[in-house]
Amino acid sequence: MNKITKANFKKLVLALALTLVMTLGMSISVFAATGAINGYTTRASSTIRQQKASASTSYDYNGSVSVSSTYSYVDVNTLATGTYTKNNAHYSHCSVEFSAPSNCYSVKIVSSHKVSAFGQIWSTKTSATC
């Protein structure tokens, strides 16, 4: 009967984890929300793919929009995780984009969105997982 050494067990666990991450990472996850201010449409979304993610906020009229996102990833060799945070603001549309470092795959993106116009504020949160 073969004995499983500690080194072989570690390799097996890493191989199984890598297979799981790669299988889950092949899908695309999108979460979107819509609303309105003074009859004009507001939109917010978070999108994630195997090695990148993005988030955006838009308004169909001239208003102040912003997005703040945190992106998480995992290193396929060490299983260490990391995060990036980005913010952006503009008029009518803004977005942020993330790319995973080398040998890493996306895990999750969580975003806060805000639209200000006509003295009103619309806000929402979106998230997507891989």
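Starting from residues that are at pLDDT below 80 and buried (at least 16 other Cβ atoms within 10 Å of the Cβ), keep the ones in segment 19-31 and report whichever is nearest to residue 115 (Cα to Cα).
Across segment 19-31, the extreme among qualifying residues is 29.
In segment 32-44, is there at least one residue being charged (D, E, K, R), farther than 12 Å from residue 92 by Cα and at pLDDT 95 or above?
No - not one qualifying residue is present in segment 32-44.
So which residues in segment 42-72 are over 20 Å from residue 99 (Cα atoms), open to solvent by 50 Å² or more (accessible area, probe 1.4 Å) and in a strand (DSSP E or B), if there are any at all?
Correct list: 43, 64.
Answer yes if at least one residue in segment 121-128 is modelled with pLDDT of 95 or more, buried (at least 19 other Cβ atoms within 10 Å of the Cβ) and not in a strand (DSSP E or B), and no otherwise.
No: zero hits.
Mind counting the residues in segment 86-111 that are assigned to a strand (DSSP E or B) and open to solvent by less than 50 Å² (accessible area, probe 1.4 Å)?
9
The values are calculated or read from the model by the stated rules, or taken from the named source; none is laboratory data. In this text the structure is predicted, and so the values were computed from the model without any measurement. When we count neighbours, we look across all protein chains shown, and the Cβ atoms used for this are built from the backbone with ideal geometry, even at glycine. These area figures cover heavy atoms from the full protein model, side chains too; ligands, DNA and RNA do not enter into them. Shrake-Rupley method; radii C 1.70, N 1.55, O 1.52, S 1.80 Å.
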